[in-house]
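Here the structure comes first, spelled out in C-alpha cells, and everything after it is commentary.
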Amino acid sequence: MRLNPDCVRDILLVVEELSDGQHGIDFDFHQPVSYERLSKYSNNELWYHVRQCDMSGYFTPVSWYLSGDCAIFDLSPKGHQFIADIRSDSVWNKVKSNAAKIGVFSLNALAQIATGVVTEVINSQIHS
C-alpha cells in the first residue's frame, strides 16, 4: 500500500485531540470508523497508516491486540512536533506541493519538508 500523507495527518490530529496520556484511544479496525475525521478511509488503510506511524515513532505507547486492533495512548515528542508543523492547512498544502515536486512522500521526507516550510514562514514574518 502506498503511504497517504493526508491519512497520516488525520490520524495524528485525532490522536492529539482525544489523547490524555492515561486512557487509550481505541482503533477497532473490524468495525465502522468511529472518528468522523477518519471516516473517509477504509479500515485497512487506517490500520496500515497507524502501523506506519507507530513504527516511525509518532506514538507512545501503543497496545496492539491479537485481533490487530490497538489502543494509542499519546503522541510521542516526534509526533507532537510533526503535527505542530503541519497543523495549518496552508503549511500542509505547501508541504504536499513540495513533496510532489520532488516525488518523495516518506514520513521522514514529509517531516523534513514541513520543517523547511515552517522555517520559511518564520523567516518571512521576522523579515517583513
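Values as computed for the structure displayed
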{"read-out": "Fraction of accessible area attributable to carbon and sulfur, the chain (%, probe 1.4 Å)", "value": "51"}
{"read-out": "Relative intensity, log₁₀ I(q)/I(0), of the stretch 20-76 from a Debye sum that treats every alpha carbon as a point, q = 0.26, 0.28, 0.31 Å⁻¹", "value": "-1.18, -1.30, -1.40"}
{"read-out": "Formal net charge of residues neighbouring F29 (Cβ-Cβ distance under 11 Å; K, R +1; D, E -1)", "value": "-3"}
{"read-out": "Length released on extending from V33 to A100, taking residue separation times 0.36 nm less the Cα-Cα span", "value": "21.2 nm"}
{"read-out": "Within the chain: Cβ-based charge dipole about Cα centre, in debye rounded to nearest 20 (Lys, Arg +1; Asp, Glu -1)", "value": "580"}
{"read-out": "Neighbourhood charge, 13 Å Cβ-Cβ cut-off, centred on V91 and excluding it, Lys, Arg +1 and Asp, Glu -1", "value": "+1"}
{"read-out": "Helix-only [θ]222 nm of the chain, DSSP H runs n ≥ 4, -39500 (n - 2.57) each, per residue, nearest 500", "value": "-18000 deg cm²/dmol"}
{"read-out": "Computed Kirkwood radius, in angstrom, where 1/r is averaged over Cα pairs of the chain", "value": "15.3"}
{"read-out": "Accessible area per residue, Å², the stretch 43-119 with all protein chains present, probe 1.4 Å", "value": "49"}
{"read-out": "Cα lying deepest toward the dipole's positive end in the chain, options I122, S88, C53, charges on Cβ", "value": "I122"}
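The values are calculated or read from the model by the stated rules, or taken from the named source; none is laboratory data. All values reported here derive from a predicted model rather than from experimental measurement. As a convention, Cβ positions derive from the backbone with ideal geometry for all residues, glycine included, and neighbour counts pool all protein chains shown. Note: accessible area is taken over every heavy atom of the protein model, side chains too, but ligands, DNA and RNA are not part of it. Shrake-Rupley method; radii C 1.70, N 1.55, O 1.52, S 1.80 Å.
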